[in-house]
Amino acid sequence: MGNNSLIDIIKIIKSTLSRVLYFLPYLLVGITFLGWYLGDWWTFITPIFVYGIINIADYIVPDNPKLTIRDEKLLIKKESALTFYSFAPILWPLTQFCFIGLGVISLAHANLTFIESCGLILSIGVMAGAIGITFSHELIHRKKTWERLLGEALLVMVTYHHWSIEHVYGHHRTVATPQDPATARLGESFYAFFPRTVIGGFISAINIEVTRLRRRKKTIFGIKNRVLIGLIIESGIYLGIFFGLGWESVVGFAAISFIAIFQLEVVNYFEHYGLSRREISPGRFESVKPYHSWDDGCRVSSWFLANLQRHADHHMRPGVRYESLKLVSNAPHLPAGYATMLLIALFPPLWFAIMNPRARAERDKYKNLYAGHSEII
């Protein structure tokens, strides 16, 4: 075999691996079912794997490299066609429907111990949040209606449908400004941020829908109101679970939703923490730049989170598919991977000690842009 043939084979293997590795989230389904089968404390195996094994692997496997400024100029901004990569998020809604369904049924009929019920709920919630909402985030940005509906279905399954509206039409427009409930302010703890972003995000989604419907001269309280329809569907799910399985399953489903939402909002907390856009005139802000989002280059997490950590590029090119996102040169870099940052965010004194100096340093780096701008948004 010639050297050229060997090189071609290696290229094919690398290309195949680069695609297959983004299907690693489906490994969590098998791990979760293994925990259910073994029972007792084994039911906690999924959160241990996500926040333990994956976290450790991020420190072992080398980070992804950043693009140079020259290469960034070649990046396309339009959405590409469906590829093999696309099926990782596309297949997840059915998967999530099955494991949430089996989970709430098990809570009602499997005679689980209290420990097993807690482990089952936590494992499903971690999967639905870390993977489900991440994949929904990818899908709700797509142009094809059926892809967006799959993304919305994932959010309905964790009682957070309105986020599909607020994130795309609110957050991406107001990120790193005082108007954005999903941008954490410098010096703001996660526990202050959490109720502000949850309540503020819901109000923002309602305002976005009301404005859209009035502009189109449609009735606000009708089937065209996406927030209202989402609430009706979610209420129907709770009623169906209650009458079909009982209150234990309702409590379990609500807990799964809370865990998923909690994870999402912790990630929202640190993705833009302490960063702000310059107000160029009253109510008008500079356009979104790479230095308005925190990036992370951990390679293993990127396989499980569909390159969510390439967040600056996502805000610069929200229309492109996840496999096309890059780590850009001017984005600030988190000091650790997403799993580590999530855990640190839960301890405000530690968080402030680590992140406040970094956020201030980023602002100082572009101090000419922040002249006359308040330190806290």
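For the chain, the gyration tensor built on C-alpha atoms gives a rounded shape. Its axis ratio a/c (a ≥ b ≥ c) stays under 1.5.
Between Tyr322, Phe221, Trp247, the Cα set farthest toward the positive side of the dipole of the chain (charges on each charged residue's Cβ, about the Cα centre) is that of Phe221.
Over the chain, what relative contact order in percent results from Cα pairs under 8 Å that are six or more residues apart? Don't skip to the answer; put the middle values down first.
Details: 509 pairs, mean separation 89.1, N = 377.
24 percent.
Count charges around Ala192 for me, please; just the other residues with Cβ under 13 Å from its Cβ, Lys/Arg as +1, Asp/Glu as -1. Could you put the intermediate results ahead of the total?
On the way: positive: Arg185, Arg196; negative: Glu188, Glu265.
The answer is 0.
Note on Arg173/Phe258: beta-carbon distance plugged into 1/(1 + (r/R0)^6) with R0 of 22 Å gives a FRET efficiency of 0.20. When the chain is treated as a GNM with alpha-carbon contacts under 10 Å, the residue of Val104, Val156, Val20 showing the greatest mean-square fluctuation is Val20. Taken about its Cα centre, the chain carries a charge dipole of roughly 1780 debye when the Cβ of each Lys and Arg holds +1 and the Cβ of each Asp and Glu holds -1.
Karplus-derived 3J(HN,Hα) values for region 98-103, using 6.51 cos²θ - 1.76 cosθ + 1.60 with θ = phi - 60°, are 5, 6, 6, x, 5, x Hz; glycine and proline are entered as x. Our note on the geometry: Cα centres of region 72-126 and region 152-166, 13 Å apart. Modelled label positions at Leu149 and Cys118, each set 7 Å beyond Cα in the direction of Cβ, lie 4.1 nm from each other.
How high is the relative contact order of region 243-368? Use alpha-carbon pairs under 8 Å, at least six apart in sequence, and give a whole percent. Intermediate results must be reported in sequence, preceding the final value.
Numbers: 123 pairs, mean separation 30.0, N = 126.
The normalised contact order for region 243-368 reaches 24 percent.
Between Ile199 and Ala336, full extension at 0.36 nm per residue minus the direct alpha carbon distance yields a gain of 46.4 nm. Across the cross-link table entries Lys218/Lys289; Lys66/Lys143; Lys144/Lys217; Lys217/Lys289; Lys217/Lys326; Lys144/Lys218, which are compared at the Cα atoms, the separations over 31 Å belong to Lys218/Lys289; Lys217/Lys289; Lys217/Lys326. Modelled label positions at Val251 and Ser80, each set 7 Å beyond Cα in the direction of Cβ, lie 4.8 nm from each other.
Values in this text are rule-based calculations from the coordinates and carry no lab data. Values in this document were obtained by computation on a predicted structure and should not be read as measured data. Counting neighbours? That spans all protein chains shown, and the Cβs are built from the backbone with ideal geometry, glycine included.
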